[in-house]
Amino acid sequence: MLKDLLEARLAPALHAAGAPEGSAVALTVSTKPEFGDYQMNGAMGAAKRLKRPPRELAEAVLAHAQLDDLVSEASIAGPGFINLRLREAVLEARLNPFEAEVLAPRGAGAEASRVVIDYSSPNLAKEMHVGHLRSTIIGDALARCFDHAGWNVLRQNHVGDWGTQFGMLLAFLNSLEADDGNRVAEAELSDLEQFYRRAKARFDEDPAFAALSRETVVKLQQGDPACRAAWQRFIDVSLSHCEALYGRLQVTLTREHVHAESAYNDALPGVIETLRDQGLLQESDGAQCVFLDEFKGKDDAPLPLIVQKSDGGYLYATTDLAAVRYRCDSLEADRALYLVDKRQGLHFKQVFAVAQAAGFITRPCSFEHMPFGTMLGEDGRPFRTRAGDVIKLSDLIDEAERRAEALVAEKNPALAAAERTEIAKAVALGAIKYADLSKHRNNDYVFSWDTMLSFDGNTAPYLQYAYSRIQSLFSKAGLAPESLKASVKLEAPQERALALVLLRTEEVLQQVRDQGLPHLLCTHLYEVATAFTAFYEHCPVLSAPDSGTQASRLALARRCGATLRQGLELLGIPVVQRM
RNA sequence: GGGCGCGUAGCUCAGUUGGAUAGAGCAUUCGGCUACGAACCGAAAGGUCGGGGGUUCGAAUCCUCCCGCGCCCGCCA
């Protein structure tokens, strides 16, 4: 990375200039072009700690730094900024062997570690709805980013397949089958949402049925074979629904990534046992709880994590503790990321703390809740239909594809129907995902069809468009991008600016992995696309002044296209040749 | 009551962990196709970064106190 290259020279220089051990170089991208490419801010911070004039320390840093081969201009500005401008030759050298850096995964490199990513994790009792979108999309983008960097990624779809509502559903299923026979019941399951609603209605109206439901839960949990078989059938149908949606969304989750709640059933008594052995368990109002000093409730009262109900039943805290154990011991993860709604922040803080206290974390593994906010409608309230119902994911995708198709037809009427549909699907998918991924996940965000499908600004269609323009260059030139042998020679300022942005990609991906923030990649790709259009406006490619310039510009365009395609792919968004 | 998070341009959002004159995109106003894709580009205008105080060379960012909103806080997940 460019940044590493400079830091490797600046860190020793900062030290040699007298800065205390561990002083940050604080190298950042320059805020303005006149400040060069990168700026080092660390001299000022270090000077403060040394109580020395910052400019003087900055001068000492420059005196000690060996930068000549990398930097064409290094100057001190303001209170003690060090502004650096990289040599074109350095940029060119790193730009040209692009296949190795951009296209090929780094494989078992420096970061070859194992990361568990817990995402999507819908409840199988119901059909997937927009509430599952964020975890699914953000988690999948992160999984792709870690994959690309050579991590061993262990996707975990922690689906909800256990719990009280399954008693109700199974009881309802049984009653339908008693009435109508199996075939009809299968048909009923084709619309899970409606099935759930009907079961719930009966549960609320019919006390006998409610009682039956509760009995059914007990039978299920005791392992009654008939009950288990019906449950398994229900789960299979529900999982198939999920898989169909994952397919439409081009999400990389498959059945092998499913590690359901029920998979931890056998481990739950052991969790309680260990907690008891560790002396962490306390009974409170009949429930088994863990109280840790760091968690306080009202009036400094201790705040429990309840791990076993007074009736002996286990809770999701118990399951999550078992999952921590499994992910640490059996999966041998180095990091475990939980893409779960931010409302569960306290829950995970407690679970991770209890797991630590109980010794469940037996090896260095960082457990990280990656919270995200709620998807809101344009009225600022949680995104729902007019009637107040949750919006089914399948309906959302249908609507996006319908709108995208109309849009593509309007913008490019010349396209044949088949290609138009293909493009519309790519645009729809990009719109849905990018709308979500381009915002900081921690905040709630407002869902808007118009913003989403807009072709302007920081949107997926804009990026897809930039990519298709590059492809158009190559098809007009009548050559395949791979066949190009020329290397990039940077001359125009727009070429240089584009090169610089492209070479920042790895830095950005590093941040995405460190912080679990895919929106940083979105922002970066948008910068790539705008830098490309500036280049495209000012630097004729096909009608370049000479063949050398043309070849160089094509090589730069190719590199840019590869970065856009790769970047979008890491976000789970497809590109198209034409649109 | 306690805890967590949020509050930045009319709207939707960034802000690289304390750095230079706070940035984009929509929308608005103006300008650019006999131009490799105008599905584009350029320009203008738009701000007391919720408010006060503090820390220092320097604060949207850190500390503190208020205001407003959201969420969480013992047997749902």
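Observations, loosely collected:
- Contact map, region A:295-316: residues that are of a type in the set (Gly, Ala, Ser) paired with residues that are near RNA strand B (Cβ under 7 Å from one of its atoms), Cβ distance under 6 Å, separation 6+ or inter-chain. Pairs shown: A:GLY297/A:LEU303; A:SER310/A:GLY286; A:SER310/A:ALA287.
- Those residues of region A:336-356 which are more than 10 Å from RNA strand B (Cβ to nearest atom) and either polar (S, T, N, Q) or in contact with a helix residue (DSSP H, G or I) (Cβ under 9 Å, 6 or more places away or on another chain) (or both), in sequence order: A:ALA336, A:LEU337, A:TYR338, A:LEU339, A:PHE348, A:VAL351, A:PHE352, A:VAL354, A:ALA355, A:GLN356
- A:THR533 falls short on exactly one of the conditions (1) open to solvent by less than 10 Å² (accessible area, probe 1.4 Å); (2) in a helix (DSSP H, G or I), and that condition is (1).
- For A:GLN165, the test of being in contact with a helix residue (DSSP H, G or I) (Cβ under 9 Å, 6 or more places away or on another chain), touching a residue at least 40 places away in the same chain (Cβ under 8 Å) and open to solvent by 40 Å² or more (accessible area, probe 1.4 Å) is passed.
- Remark: pairs (first residue in region A:246-273, of a type in the set (D, E, K, R); second residue open to solvent by 40 Å² or more (accessible area, probe 1.4 Å); Cβ separation under 8 Å; 6+ apart in sequence or on different chains) = A:ARG255/A:GLU243; A:GLU261/A:TRP162; A:GLU261/A:TYR316.
- Wholly within region A:258-365, strands (runs of 3 or more DSSP E) carrying at least 3 residues that are touching a Cys at 6+ places or on another chain (Cβ under 9 Å): A:281-284, A:302-308
- Among the residues of region A:317-330, the one identified as surrounded by fewer than 18 Cβ atoms within 10 Å (Cβ to Cβ) and touching a residue at least 12 places away in the same chain (Cβ under 8 Å) is A:ASP329.
- Answer from A:THR362, A:THR319 - the residue that is touching a helix residue (DSSP H, G or I) at 6+ places or on another chain (Cβ under 9 Å), more than 9 Å from RNA strand B (Cβ to nearest atom), more than 27 Å from A:LEU437 (Cβ to Cβ) and hydroxyl-bearing (Ser, Thr, Tyr): A:THR362
- Candidates A:SER483, A:SER475, filtered to the one that is open to solvent by 50 Å² or more (accessible area, probe 1.4 Å), more than 7 Å from RNA strand B (Cβ to nearest atom) and in contact (Cβ under 8 Å) with a residue 24 or more places away in the chain: A:SER475
- Residue check for A:GLU193: touching a strand residue (DSSP E or B) at 6+ places or on another chain (Cβ under 8 Å) and under 30 Å from A:ILE397 (Cα atoms): yes
- Per the conditions (1) buried (at least 21 other Cβ atoms within 10 Å of the Cβ); (2) more than 30 Å from the chain's Cα centre (by Cα), the sole criterion not satisfied by A:ALA336 is (2).
- The numbered conditions (1) loosely packed, with under 15 Cβ neighbours inside 10 Å; (2) in contact with a Cys (Cβ under 6 Å, 6 or more places away or on another chain) are all true for A:ASP514 except (2).
- Residue match in region A:291-303 (condition: open to solvent by 20 Å² or more (accessible area, probe 1.4 Å), farther than 30 Å from A:VAL130 by Cβ, touching a Phe, Trp or Tyr at 6+ places or on another chain (Cβ under 7 Å) and charged (D, E, K, R)): no
- Inspection of region A:536-554 identifies at least one residue that is within 12 Å of RNA strand B (Cβ to nearest atom), in a helix (DSSP H, G or I), open to solvent by less than 10 Å² (accessible area, probe 1.4 Å) and not aromatic (Phe, Trp, Tyr).
- Residue list for region A:555-579, restricted to those being within 10 Å of RNA strand B (Cβ to nearest atom) and surrounded by fewer than 18 Cβ atoms within 10 Å (Cβ to Cβ): A:GLN577, A:ARG578
- Just one of the listed residues (A:ALA229, A:ALA287, A:ALA267) is of a type in the set (Gly, Ala, Ser), open to solvent by 50 Å² or more (accessible area, probe 1.4 Å) and at negative phi, namely A:ALA229.
- All positions within region A:437-463 that are of a type outside the set (Ser, Thr, Tyr), farther than 19 Å from A:ALA404 by Cα and touching a strand residue (DSSP E or B) at 6+ places or on another chain (Cβ under 7 Å): A:LYS439, A:ARG441, A:ASN442, A:ASP444, A:VAL446
- Filtered residues of region A:128-150 (kept if assigned to a loop (DSSP other than H, G, I, E, B) and either basic (Lys, Arg) or more than 17 Å from A:GLY160 (Cβ to Cβ) (or both)): A:ALA149, A:GLY150
- Any hit, region A:104-127, residues being in a helix (DSSP H, G or I), small (Gly, Ala, Ser) and modelled with pLDDT of 95 or more: no
- Qualifying residue in region A:396-404 (condition: among the acidic types (Asp, Glu), part of a helix (DSSP H, G or I), within 14 Å of RNA strand B (Cβ to nearest atom) and surrounded by fewer than 16 Cβ atoms within 10 Å (Cβ to Cβ)): no
- Count - residues of region A:17-31 that are within 7 Å of RNA strand B (Cβ to nearest atom) and part of a loop (DSSP other than H, G, I, E, B): 3
- Only a single criterion out of (1) charged (D, E, K, R); (2) within 13 Å of RNA strand B (Cβ to nearest atom); (3) open to solvent by 60 Å² or more (accessible area, probe 1.4 Å); (4) under 14 Å from A:ILE82 (Cα atoms) is not satisfied by A:ASP37, namely (3).
- Residue match in region A:449-456 (condition: charged (D, E, K, R), open to solvent by 20 Å² or more (accessible area, probe 1.4 Å), farther than 21 Å from A:HIS524 by Cβ and within 8 Å of RNA strand B (Cβ to nearest atom)): yes
- When A:GLN350, A:GLN356 are checked against the criterion of being open to solvent by 40 Å² or more (accessible area, probe 1.4 Å), over 19 Å from A:SER120 (Cβ atoms) and among the polar types (S, T, N, Q), a single residue qualifies: A:GLN356.
The values are calculated or read from the model by the stated rules, or taken from the named source; none is laboratory data. Note that the structure is a prediction, hence the values are computed from the model and not measured. Heads up, the Cβs are rebuilt from the backbone with ideal geometry, glycines too, and the neighbour counts pull from every protein chain shown. Just so you know, the surface numbers come from the protein's heavy atoms only, side chains and all, with ligands and any DNA or RNA stripped out. Shrake-Rupley method; radii C 1.70, N 1.55, O 1.52, S 1.80 Å.
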